[in-house]
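Trainee: Here it is, the structure, as structure tokens.
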Amino acid sequence: MGMMDDLLRQAEARFREVTPWRVLYEPKGEGSLSYAMEEAIGASVAQEEVPATVRIWQGPRALVVAKKDLRTLQAVKAAQMMKEVDWPVYVRQSGGTAVPHGPGTLNLSLFLPRPKEMKWNIDDIYRLLGAPLIRMLESRFGLEPYFGEVPGSFCDGRYNVVVQGKKIVGTSQIWKGGPAGLRSQRPGYILAHATLLTRIDREQAVSALNAFYEMAEGTRPVYLDTVATLASLVSSSPNETESAAAEGLLEVIGDWTGVRKQELPTEKEQTAARTYLERSLPAFYGDRS
């Protein structure tokens, strides 16, 4: 665990370098507005109307896809059909593939102003995103999480958070205002997003993911035995586990940012989110397919 300890120390130091921070806590999602809010917060951070922001939140029960998942009309129709089985599809701004959200999951989003000079690269951002979750899983639950790929899991990548060979956190990011990882003089922001599976019904979630992809592109890419929930790895009840995860993550973020008071998005951000609402719905992309 020596290398992981070093990564965690480096990430904590980077958190402390960024000052000030704002911490948002939204434990209950508001449908598609939860995803439109990501754009509104990013725009506020880019224009330096608010500081760098950590958002800890829960979305509604849904599948959340990247725009590339809706590149065909067939995929858009598949997304619309999922609503009929109580798995509506919403669109996020970051990359990757479909992820289950809702009760039984916990989301962590980081918003950083786009640096004018080369300050971070894509790997740095993923480590900054995953490190608080890893620290929380260690300190609250005594687990030994690490970064790694899990082929056959949802939204797979090198910066999954993995426990006992099973993926429990998916991650993605996007750089707005120019190519990722490069300098940019335009106002922009970096959004990195993670979803922790706390107690969601794993079989239902995987079935929904595969149903979407089977209708969209004729594949069933997610394998049940590649993913786990936090609740399945610890002895506490599912509800206790979910509460402890949120409390533990807030504690780590508070320690690393120095911010103990959580807020809600500003009124301006809430208003702006409504103007972005259309872009979080699959039908918007159907018009452009």
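Trainee: Which pairs in the list LYS28/LYS268; LYS83/LYS167; LYS28/LYS83; LYS119/LYS166; LYS67/LYS176 are over 23 Å apart, alpha-carbon to alpha-carbon? Before the final figure, lay out the partial values.
Mentor: Working: LYS28/LYS268 20 Å; LYS83/LYS167 26 Å; LYS28/LYS83 20 Å; LYS119/LYS166 32 Å; LYS67/LYS176 14 Å.
Checking Cα-Cα distances, LYS83/LYS167; LYS119/LYS166 exceed 23 Å.
Trainee: Then there is this: With springs only between Cα atoms under 10 Å apart, run a GNM on the chain and tell me which of ALA194, ALA245, ALA272 wobbles the most.
Mentor: Comparing ALA194, ALA245, ALA272 in a Gaussian network model of the chain, the most mobile one is ALA272.
Trainee: Continuing with this model, one more query. With springs only between Cα atoms under 10 Å apart, run a GNM on the chain and tell me which of ALA79, ALA211, ALA228 wobbles the most.
Mentor: Of the options given, ALA211 has the highest mean-square fluctuation.
Trainee: I would also like to ask the following. Using a 1.4 angstrom probe, figure out how much accessible area the range 7-76 has per residue, in square angstrom, rounded to the nearest whole. Walk me through the numbers on the way to the answer.
Mentor: On the way: 2800 Å² over 70 residues.
The answer is 40 Å² per residue.
Trainee: Turning to a different aspect of this structure: Working out 0.36 nm times the residue gap between SER237 and ARG71, then minus their Cα-Cα distance, what length gain in nm do you get to one decimal?
Mentor: Working: separation 166, 0.36 × 166 = 59.76 nm, distance 4.04 nm.
Value of the extension gain: 55.7 nm.
Trainee: Continuing with this model, one more query. Using alpha-carbon positions, what is the distance between the centroids of the range 224-289 and the range 43-108, in Å?
Mentor: Rounded to whole Å, the Cα centres lie 11 Å apart.
Trainee: Compute the distance in nm between two label points, each set 7 Å from the Cα along the Cα-to-Cβ direction, one at GLN164 and one at ARG9.
Mentor: Using points 7 Å along Cα→Cβ, the separation is 3.0 nm.
Trainee: Here is a further query. Mean-square fluctuation check for the chain, GNM, Cα pairs under 10 Å: which of VAL91, VAL50, VAL227 is largest?
Mentor: VAL50
Trainee: Take the alpha-carbon centre of the range 185-203, take the same for the range 119-154, and report the distance between them in whole Å.
Mentor: Centre-to-centre distance over Cα atoms comes out at 12 Å.
Trainee: Here's a follow-up. Using only the Cα atoms, work out Rg/Rh for the chain, with Rh taken as the Kirkwood radius, to two decimals.
Mentor: Working: Rg = 17.9 Å, Rh = 19.0 Å.
With Rg and the Kirkwood Rh in hand, the quotient comes to 0.94.
Trainee: Counting other Cβ atoms within 10 Å, which chymotrypsin sites (Phe, Trp or Tyr not before Pro) in the range 206-279 have at most 16 and lie in a DSSP loop? Could the numbers behind the result be given before it?
Mentor: Working: sites: PHE212, TYR213, TYR223, TRP256, TYR276; in loops: TYR223.
Answer in residue order: TYR223.
Trainee: Residues in the range 232-256 near a label at GLN204, defined as backbone nitrogen under 17 Å from the 7 Å Cα→Cβ point?
Mentor: Zone members listed by number: 232, 238-240, 242.
Trainee: Given a cut-off of 29 Å, what percent of all Cα-Cα pairs of the range 1-158 lie beyond it? List each step's numbers first, then the result.
Mentor: Details: 3020 of 12403 pairs.
Roughly 24 percent, once rounded to a whole number.
Trainee: Test of the criteria: in the range 15-98, which trypsin sites (Lys or Arg not before Pro) are in a DSSP loop and have at most 10 other Cβ atoms within 10 angstrom of their Cβ? If you can, show how the numbers build up before the last one.
Mentor: Details: sites: ARG16, ARG22, LYS28, ARG55, ARG61, LYS67, LYS68, ARG71, LYS77, LYS83, ARG92; in loops: LYS28, ARG61, ARG71, ARG92.
Taking the range 15-98 and a limit of 10 other Cβ atoms within 10 Å, the loop trypsin sites (Lys or Arg not before Pro) found are LYS28.
The values are calculated or read from the model by the stated rules, or taken from the named source; none is laboratory data. From a predicted model like this one, the values you see are computed outputs, not experimental measurements. When we count neighbours, we look across all protein chains shown, and the Cβ atoms used for this are built from the backbone with ideal geometry, even at glycine. SASA here: full protein model, heavy atoms, side chains in, ligands and nucleic acids out. Shrake-Rupley method; radii C 1.70, N 1.55, O 1.52, S 1.80 Å.
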